[in-house]
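First comes the structure, then the notes that go with it.
Every number here is computed from the coordinates shown, using simple stated rules; none is lab data. Just so it is clear, the model here is predicted, and its values are computed rather than measured. When we count neighbours, we look across all protein chains shown, and the Cβ atoms used for this are built from the backbone with ideal geometry, even at glycine.
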There are 2 protein chains.
Amino acid sequence: MSVVVYEVGPRDGLQNEPASVPLVAKIAFVDALSDAGLPIIEVGSFVSAARVPAMADSGDVFAGIRRRSGTRYAALVPNLAGLDRAVAAKADLIAVFAAASETFSQRNINHTIAESLDIHGGVVASARAAGLGARGYLSTAFGCPFEGDVPIPRVVQLTQQLLDLGVYEVAISDTIGVAHPDQVRRVLDALLAVAPVDKLAVHFHDTRGMAIANVVAALQMGVRTIDSSAGGLGGCPYAPGATGNLATEDLLYLLSGFGYATGVTAPRVADASLALEPVLGHPLPSRALQAEAAARRRAGVT
Amino acid sequence: MSVVVYEVGPRDGLQNEPASVPLVAKIAFVDALSDAGLPIIEVGSFVSAARVPAMADSGDVFAGIRRRSGTRYAALVPNLAGLDRAVAAKADLIAVFAAASETFSQRNINHTIAESLDIHGGVVASARAAGLGARGYLSTAFGCPFEGDVPIPRVVQLTQQLLDLGVYEVAISDTIGVAHPDQVRRVLDALLAVAPVDKLAVHFHDTRGMAIANVVAALQMGVRTIDSSAGGLGGCPYAPGATGNLATEDLLYLLSGFGYATGVTAPRVADASLALEPVLGHPLPSRALQAEAAARRRAGVT
């Protein structure tokens, strides 16, 4: 009984941090996550440096990290130019992203959903031809900041379209952290009518404190790939509009209690997160991380 | 389909805050929670002022608050002297507390478990004679900071003993925030063999981020009284040994999504919490509260 923890901290986490993180700290972070035994790490993003400056050095991060044999290293790519950079960086996997909300798609990536699927089709085909696996993200699958509710049939249809493009899985993503466990159950129930469960992953943000309960709902529906971010990186809980990711440490505490094997060593993930705190200049929001940090202080272990 | 939210912020929350909170702010906090429609508010504690200085003015808080007709006001009492003060304060309910761990009992309240049950027996009988309902807390029911694991049969036996004393319900309490949803299921499954579900409440701390998932597990087992603390008051997540309570705002988001009626107006609970932040000098840890606060800032509502 095992679960794949898909670590998004270096990409979805750092991308949303206000602090500028030096290249050497990013490389050390990914290396520490590799040492923790994480099976997949999303290292960076080959998007426009002008649009996402925090990811401008993703090529250098890929060039600097140690590759652990049990870990695959992924990159987010928006188009064929990004794919070229991912191939040059020797990424093992790429990820493409589509939105379930038309307004979000147009405001976030400046394409209609249909346009973005056209682009992704070419990217996924080329990636597979180059020997790279491709994952799809379906963002705003549980709600949109502009449109509010997102109809479940649309989520089902877009997931099907992404799978038809040849992605090996779709991460059903709660971009703004509004998902509720009962909604997770309903969305997955509808998706399982068109897709086998091993083609589905879930990606939650803990904006309203529901992320762990949403994971439980997804596990109960059979999903076995869960995205998380070391330390809950990706939004200080006290910042305006904070949208911190589900924390890897909290996820591991949950999975361990259910008896799922992950191959990940939780205290080593905490090491990775704690080393980043002084770089970011603030504590990370993961509850389990902070409980671990408090226990280390009491024990006199720094 | 309804759930009783048992608000513990003014007692279990404020008792664990390092800042000294002025009487007038405590009264305003309880009044704001009454305005939110909470059905039960634990206002304070009639314990030794030397042991718990933060609760020394509980009598004055009771004297200063407005009583809303739909709300009952509870006080924690350790002994008959405390009960006298609760009666004088016109509390509607009292709560007594026993530990499921012998070491915790002796270190925390300086009595063996058996001694504490003897004392509670007298307190509960006298309370009922005075027309006050009495609740029991069973602390460390999911783990002890000194003994580690707590055997489930001991939790069952002590819950039975508390019920036999005449309490109307027992709050099965995760004092140190180690409980896991699967453990919640197993503990409640054992308890339901000896007690009807309407005699059971649950009390979780979010120390490792599991509180909301633990609530889902308890709801699935039929429990319909859940303790929570406005704002997650009772431990800054970044303080050493932090043990913040489950946040009322997060709980309400969860319950609303499942369609449970509570009679509580969530934005008014947020008002109560946000008014307390400047008094405490730090943001409160509730994720849903901070999401609400961010939305208010964006909308220009202060």
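Positive contributions from Lys and Arg (+1) and negative ones from Asp and Glu (-1), summed over other residues with Cβ under 9 Å from the Cβ of B:Asp227, come out at -3.
Counting only Cβ charges, +1 for Lys and Arg and -1 for Asp and Glu, the dipole size of the protein assembly as shown around its Cα centre is about 140 debye. Of B:Gly136, B:Gly281, B:Gly222, the residue with the greatest mean-square motion in the GNM of chain B, using alpha carbon springs below 10 Å, is B:Gly281. Would you mind counting up the charge near B:Gly209? Only other residues with Cβ under 14 Å from its Cβ, with Lys and Arg at +1 and Asp and Glu at -1. Counting the neighbours of B:Gly209, the net charge comes to -3. Lysines near A:Lys26 by alpha-carbon distance under 28 Å, same-chain residues fewer than 8 away left out - which ones? Reachable lysines: A:Lys90. Of the residues B:Ala32, B:Ile226, B:Ala141, the one whose Cα sits farthest toward the positive end of the charge dipole of segment B:4-299, with +1 on the Cβ of Lys and Arg and -1 on the Cβ of Asp and Glu, is B:Ala32. Listed from fewest to most Cβ neighbours within 10 Å, the set A:Lys199, B:Lys26 follows the order A:Lys199, B:Lys26. Listed by chain and number, the lysines whose alpha-carbon sits under 19 Å from that of B:Lys199, ignoring those within fewer than 8 places in the same chain, form an empty set.
Could you work out the local net charge near B:Ala294, counting Lys and Arg as +1, Asp and Glu as -1, over the other residues with Cβ closer than 14 Å to its Cβ? Residues close to B:Ala294 contribute a combined charge of +1. Amide H to amide H distances under 5 Å link A:Leu76 with A:Gly44, A:Ser45, A:Phe46, A:Ala95, where only residues 5 or more positions off or on other chains count and H is placed in the peptide plane. The alpha-carbon positions of the protein assembly as shown define a convex hull whose volume is 142 Å³ per residue.
When both bridge partners sit in chain B, DSSP labels roughly 5% of those beta bridges antiparallel. For segment B:3-153, a Kirkwood hydrodynamic radius built from all Cα pairs, placed in the Stokes-Einstein relation at 37 °C and 0.692 mPa s, yields a translational diffusion coefficient of 206 µm²/s. Note on B:Ser45, B:Ser126, A:Ser256, A:Ser34: ascending count of other Cβ atoms within 10 Å places them as A:Ser256, B:Ser126, A:Ser34, B:Ser45, the fewest first. I need the fraction of alpha carbon pairs in chain A separated by more than 27 Å, rounded to a whole percent. Every Cα pair in chain A considered, those over 27 Å come to 36 percent.
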